[in-house]
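Student: Before anything else, here's the structure in question.
The values are calculated or read from the model by the stated rules, or taken from the named source; none is laboratory data. Since the model is a prediction, treat every value here as computed from it, not as a measurement. Here the Cβ is made from the backbone with ideal geometry for all residues, glycine too, and neighbour counts use every protein chain on show. Protein only, heavy atoms only, side chains kept; ligands, DNA and RNA dropped before computing areas. Shrake-Rupley method; radii C 1.70, N 1.55, O 1.52, S 1.80 Å.
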Amino acid sequence: MSTAEQQPDNPAPSTPDALLGPADVRELAAALGVRPTKQKGQNFVIDANTVRRIVRTAEVRPDDVVVEVGPGLGSLTLALLEAADRVVAVEIDDILAAALPATIEARMPAKKDRFALVHSDAMLVTELPGPAPTALVANLPYNVAVPVLLTMLDRFPSIERTLVMVQAEVADRLAAEPGNKVYGVPSVKANWYAHVKRAGAIGRKVFWPAPNVDSGLVSLVRRTEPIRTSATKEEVFAVVDAAFAQRRKTLRAALAGWAGSAAGAEAALVAAGVSPQARGESLTVEEFAAIAEHKPAPERPAL
């Protein structure tokens with residue numbers, strides 16, 4: 001069991017009713033005419049101790065500018081405002097986006113000027129208001145968790161620390177190491193940006209409605225030095241995608257399309273110091289980068 005799981009859920013000092021409890025969440029949802037939907041992957045956190053635990057595990061500091069994706073009714077947002085300097089929330093839902101500023105003003109008026117809302121799809125956001133974000137903390141919808149996480153890390157390099165709550169299966173994939181049976185594209189791409197680890201488990205009862213799956217916390221600490229390679233991120237990710245598109249095949253076979261031929265793939269692998277008989281699930285992100293550096297030049301058609 002992780003340290004995060006062993007920590008007691010002792011509430012931090014705050015206005016007694018500042019955070020949202022189960023009755024508050026349901027009343028707010030009813031007033032807005034909101035019913036959580038599976039289509040949007042909505043499961044609202046209704047436990048104040050849980051959101052404070054998430055903030056503690058994320059190690060949010062008083063000088064942090066935190067970006068939150070998918071704030072929903074504001075349960076985690078309020079807990080983040082307790083601990084951070086500023087919070088920028090990105091919300092795609094029209095009703096939830098319209099209501100959140102009023103919730104912040106009503107429950108934490110002293111922090112309303114430290115809060116900003118971006119009403120948009122997180123996948124389309126290219127800039128955020130105010131100072132550059134230093135942390136990302138979010139309860140990510142299960143159906144878009146990985147692309148949203150990777151997009152935010154890519155577009156906002158100032159984000160040093162990330163803690164996301166995702167489906168347990170997604171958490172396992174993100175934090176998996178080479179050789180693990182669930183190690184795959186999300187694992188490698190997340191490692192391109194950060195050092196990744198599981199940071200705890202979240203029970204189903206703290207959500208409304210209670211999901212049919214368990215949830216997990218994943219911590220990502222951005223690399224202080226990027227992966228040393230002459231290949232671009234796009235070139236490395238192309239190798240990763242090709243390797244796992246046919247993960248049961250050897251890399252010589254799986255990378256044949258990427259390299260132009262099986263022989264070309266073998267030459268690139270040998271040059272990178274990787275066995276042509278290896279499979280993608282055994283390689284580190286550094287090894288994928290080395291393969292990308294040795295992609296064969298396309299053959300010129302005969303005249």
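Student: Expressed as a fraction of 2.2 N^0.38 Å, the rule-of-thumb size for a compact globular protein of N residues, what is the C-alpha radius of gyration of segment 119-256?
Tutor: Rg over 2.2 N^0.38 Å, computed on Cα atoms: 1.12.
Student: Which residues' amide hydrogens lie under 5 Å from the amide hydrogen of residue 199, considering only partners 5 or more residues apart or on another chain, with H built in the peptide plane?
Tutor: Counting only residues 5 or more places away or on other chains, the set is 217, 218, 219.
Student: Now for a different question. Calculate, for the chain, the solvent-accessible area per residue in square angstrom, rolling a 1.4 angstrom probe over the heavy atoms of the protein chains.
Tutor: 48
Student: Tell me, what is the FRET efficiency for residue 235 and residue 35 to the nearest 0.05, using R0 = 30 angstrom and their Cβ-Cβ distance as r?
Tutor: 0.10
Student: Taking amide H positions as placed 1.01 Å from N in the peptide plane, with prolines and chain starts having none, which residues 5 or more places from residue 207, or on another chain, fall under 5 Å of its amide H?
Tutor: The list, which skips near neighbours in sequence, is 46.
Student: While we're looking at this one, here's another question. On a C-alpha basis, how far is the centre of segment 168-188 from the centre of segment 241-279 in Å? Whole number, if you could?
Tutor: The two parts, judged by their Cα centres, are 20 Å apart.
Student: Please report the carbon-and-sulfur percent of the accessible area for the chain; probe 1.4 Å, protein heavy atoms only, DNA, RNA and ligands left out.
Tutor: Answer for the chain is 52 percent, counting heavy atoms of protein chains only.
Student: While we're here: Based only on Cα atoms, what mean projected area does the convex hull of segment 192-284 have, in nm²?
Tutor: Average of the hull's projected areas for segment 192-284 equals 8.4 nm².
Student: Still on this structure, please answer the following. Charges only on Cβ, +1 for Lys and Arg, -1 for Asp and Glu: so what's the dipole of segment 60-123 about the Cα centre, in debye to the nearest 20?
Tutor: 240
Student: How high is the relative contact order of segment 129-250, in percent, with contacts defined as C-alpha pairs under 8 Å that are six or more residues apart?
Tutor: In percent, rounded to a whole number, it is 25.
Student: Shifting gears a bit: Name the residues of segment 62-99 whose amide N is less than 20 Å from a point 7 angstrom out from the Cα of residue 119 along the C-beta direction?
Tutor: 68-75, 77-78, 87-99, by backbone N distance to the label point.
Student: Count the net charge of all other residues whose Cβ sits under 15 Å from the Cβ of residue 292, scoring Lys and Arg as +1 and Asp and Glu as -1.
Tutor: Neighbourhood net charge equals -2.
Student: Ratio of alpha-carbon Rg to the 2.2 N^0.38 Å globular estimate for segment 15-173, to two decimals, please.
Tutor: That ratio works out to 0.95.
Student: Determine, for segment 166-299, the count of lysine pairs separated by eight or more sequence positions (or lying on different chains) whose alpha-carbon distance falls under 25 Å.
Tutor: Value for segment 166-299: 13.
Student: Given Cβ point charges of +1 (Lys, Arg) and -1 (Asp, Glu) and nothing else, what value in debye, to the nearest 20, does the dipole of segment 193-290 about its Cα centre take?
Tutor: Result for segment 193-290 is approximately 440 debye, rounded to the nearest 20.
Student: Given points 7 Å out from each Cα along the Cα-Cβ axis, report the residue 106 to residue 201 separation in nanometres with one decimal.
Tutor: So the label points at residue 106 and residue 201 sit 3.6 nm apart.
Student: Work from the charge dipole of the chain (Cβ charges, +1 for Lys and Arg, -1 for Asp and Glu, about the Cα centre) and give the residue of 131, 215, 95 farthest towards its positive end.
Tutor: 215
Student: Next up: Hey, got the dipole for the chain? About the Cα centre, +1 on K and R Cβ, -1 on D and E Cβ, debye to the nearest 20?
Tutor: Dipole about the Cα centre, nearest 20: 640 debye.
Student: Please give the length that would be gained between residue 126 and residue 210 if that part of the chain were fully extended, namely 0.36 nm times their separation in residues minus their C-alpha to C-alpha distance (nm, one decimal).
Tutor: 27.0 nm
Student: Answer with a single label: of (1) 6, 20, 24, 23, 17, 8, 2, 0; (2) 6, 27, 30, 19, 12, 5, 1, 0; (3) 6, 29, 37, 23, 5, 0, which was calculated as P(r) over Cα pairs in 10 Å bins from 0, in percent from the structure in view?
Tutor: Identified label for the calculated read-out: (2).
Student: Can you give the direction-averaged projected area of the convex hull of the alpha-carbon atoms in segment 71-112, in nm²?
Tutor: Average projection, Cα convex hull of segment 71-112: 2.6 nm².
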